[in-house]
Structures are given as C-alpha cells and as structure tokens.
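Beneath this line is the structure, given in structure tokens, with notes to follow.
No lab work stands behind these numbers, since they all come straight from the coordinates. The structure presented is a predicted model; accordingly, all values stated were derived computationally and were not measured. In this analysis, Cβ positions are derived from the backbone assuming ideal geometry, glycine residues included, and neighbour counts consider all displayed protein chains.
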Amino acid sequence: MSVLSEKAAVVTGAGRGIGKGHAIQLAKAGASVVVNDVDADMAQSVVDEIVGFAGKAIANTDSVAEKSGADAIVAACQDSFGKIDIMMANAGIVRDRTFLKMSEEEFDAVINVHVKGTFLCHQAAALAMKESGGGGVLLSTVSAAHFGNFGQVNYAGAKGAIASMTYTLALELARYGIRVNAISPSGTTRMSDTYIGPDGKKHPMPFIDPELNGPMLVYLCSDEGNYISGQIFGTGGERISILNQPSYGHTLLMPGGWSIEEIQKNFKSNLGNRLQPIGITKPPYPFYEGIRPPESK
Ligand SMILES: NC(=O)c1ccc[n+]([C@@H]2O[C@H](COP(=O)([O-])OP(=O)(O)OC[C@H]3O[C@@H](n4cnc5c(N)ncnc54)[C@H](O)[C@@H]3O)[C@@H](O)[C@H]2O)c1
C-alpha cells in the first residue's frame, strides 16, 4: 500500500515549478490531488500527467488570495474526493524591487498571495478538517529570503510572516489533530530564473529538479510523520535540513532594570560584539565600522 493512499490533498500553485513537483510526488504516493493554479492550462497539463500514470487528480483555477477562492479550492477537494487531509500552500509570486523604489501595489500583491493566501487556504482547510472529526496536515512554503534578501522586502516579509504563522498554527491546531509544518524549498523554476544578486546582475545557478522537494513533503504528510509539527525544513536538491527557530540568545540582566548609563557601560563589550550576521549567506556582521550618510557632494 502506498504511504498516502486514501488521502486527499490540495497543492496550490501546482501548475508548474515546485508545486507541480509536489502534486506529482503526492499522487505517486497514492494521494488524490487538487492541482490548483490560476494558470488553467498549466494546471490541466499537470492533471493530465498524473492521470497518465494512473494517479488521481483534478484541476482548480481559483486564486488563493481571495476568501471565496480559498473556500472553493477546499470545496473542490471535498466534492471530488469526499474530504481534505492535506493542504500544501505553495502558490507564490515575486515583485522584486529595492525598498525605496517599491510601490504599494508591488508590496500588496506579494503579501496577498503569500501571507493572505496561506491564511485563507489553511483556515478553510482546517475548518473542514475539524468539522469532519479532526486530523490533517497543513504545509506552508517559506524561503531563505526571510533571513533578509536584497530587493525582496515584500517577499522576505511575507515568508517571515508565514514562518511565524507556522509556529502559531502548530500550537493552536494540535488539539484538533492537525499538524502544521513548512518547507523552505529549492528548485530551478520560472521564479528562481528571476533572481538578481545585490550587484543587480543575474548569476548562473546549477539546475535543481524542483520535484526533489516532494519526497520530504510526502513523509511529512504520512502517518509516520504524525509527531512533527511547528517545524520548518530546508528541502530540495540533495538536502533536508531543519531550520533553527528564532529564540533569544545571550542575555544581560540588570537588577531593577537598565539605565542608559548602564547600557552605555555594558552593551558594546557584552552584546554589541555579538551582533548577528544578516541575509541568506550569513557573511560576518558587516557594519562594525559604523553606518553613516554618504559623503556630501
Ligand atoms: N524556486 C525556488 O528555488 C524557491 C525557493 C524558495 C521558496 N520558493 C517558494 O516555492 C513556491 C513555488 O515557487 P516556484 O519557484 O515553483 O514558482 P513558479 O512561479 O514556478 O510557480 C508558482 C505558481 O503559483 C501560481 N500562482 C501565483 N499566484 C497564484 C494565486 N493567487 N492562486 C493560485 N496560484 C497562483 C502561478 O501561476 C505559478 O504556476 C513559492 O511559494 C515560492 O516562494 C521557491
């Protein structure tokens, strides 16, 4: 018996790229899959591929960024497969621009698809899971961009929000038997092809098959993974890694509370010398020499 037989799953944004890989891997593991994507042709082509290897899938073209869309996506799964066991919120877009040039529209578009889309799809799925007696798996999609990434304040902020939502939903939904995890995937896709470095240039990247994220997803959805919740895993290529969760580090205590004079006396030598690296590649902290306005011209 396949590890996910009898399970009904939704993958949003599954018409191409990483979501397509998830849908194929879930279907190969025996799940019935709703292939959601606003791009109808791409969604249908993934359904055709799954049906081609005798898997079960239907297409859905609602947008995750609208409540009516998220509700319709979950309803499509219930109508076609009788229930929903797995919601993988994967749909995503980028609108990269440096902070001072980014428009409100570019900010809102990214927040709506990623943050609001994850909230709406997970809420609709969790309500359906609760109503049918509980039990289920919610999965979200973050990115290492949430460590900080040049030109992606909208996307990095969205992915950071989704990471925090993952921890919170895991705490809230365990009582209904629903576990909540996220992956930080990698793969060569339409989205990864848009990546431009801080130098404003495109850098050649090795090809990574986007389908290689899928097996870890299957494990997280399987009954064997029922002890895992509130976790984020780096996946894709040859890796599976666990993301260190944010927590307070070295701490200074001052009986009665800190005065500015005590901070001036103690901070630099005790915490100021431990400033944390920023960004995906974690280079040594870059600003010890101070940050000043550019020389006046
Ligand atoms: N490619 C990577 O290396 C990488 C790295 C980290 C995180 N991610 C994340 O993985 C996910 C998938 O990325 P990808 O690289 O496959 O991107 P992609 O652009 O190849 O695919 C994203 C899909 O989402 C669909 N979509 C967009 N808005 C939608 C909406 N409102 N409703 C439904 N579908 C919608 C698109 O039509 C597209 O088919 C995203 O959440 C992305 O942020 C990707």
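Sorting LYS202, LYS7 by the number of Cβ atoms found within 10 Å of their own Cβ, with the fewest placed first, yields LYS202, LYS7.
Report the relative contact order of segment 8-242, percent, no decimals, based on alpha-carbon pairs under 8 angstrom and at least 6 residues apart. Please report the intermediate quantities before stating the final value.
Numbers: 508 pairs, mean separation 45.5, N = 235.
RCO, segment 8-242: 19 percent.
Taking a sphere under 13 Å around the Cβ of ALA43 and counting the other residues whose Cβ falls inside, with K and R at +1 and D and E at -1, yields a net charge of -4.
Based solely on its DSSP helices, what 222 nm [θ] is calculated for the chain when runs of n ≥ 4 H residues each add -39,500 (n - 2.57) and the sum is averaged over all residues, nearest 500 deg cm²/dmol? Mean residue ellipticity at 222 nm (helix-derived): -11000 deg cm²/dmol.
Can you tell me the mean projection area, over all orientations, of the convex hull of the chain's alpha carbons? Units nm², please.
Spelled out: convex hull of the Cα atoms, projected over all directions, averaged, 19.9 nm².
Centre-to-centre, using Cα atoms only, segment 242-259 and segment 145-201 are separated by 25 Å. Overall form of segment 162-290: oblate. Here a/c, set by the Cα gyration tensor axes a ≥ b ≥ c, is 1.5 or more, and a/b is not larger than b/c.
So what does the Cα-only Debye profile of segment 82-178 read at q = 0.13 Å⁻¹, as log10 I(q)/I(0), no solvent term? For segment 82-178, the Cα-only Debye profile gives -0.48. With a ≥ b ≥ c the root eigenvalues of the C-alpha gyration tensor of segment 175-235, is it rounded (a/c under 1.5), prolate (a/b larger than b/c) or oblate? Because a/c hits 1.5 or more and a/b exceeds b/c, segment 175-235 counts as prolate. Taken over segment 1-106, the alpha-carbon convex hull comes to 102 cubic angstrom per residue.
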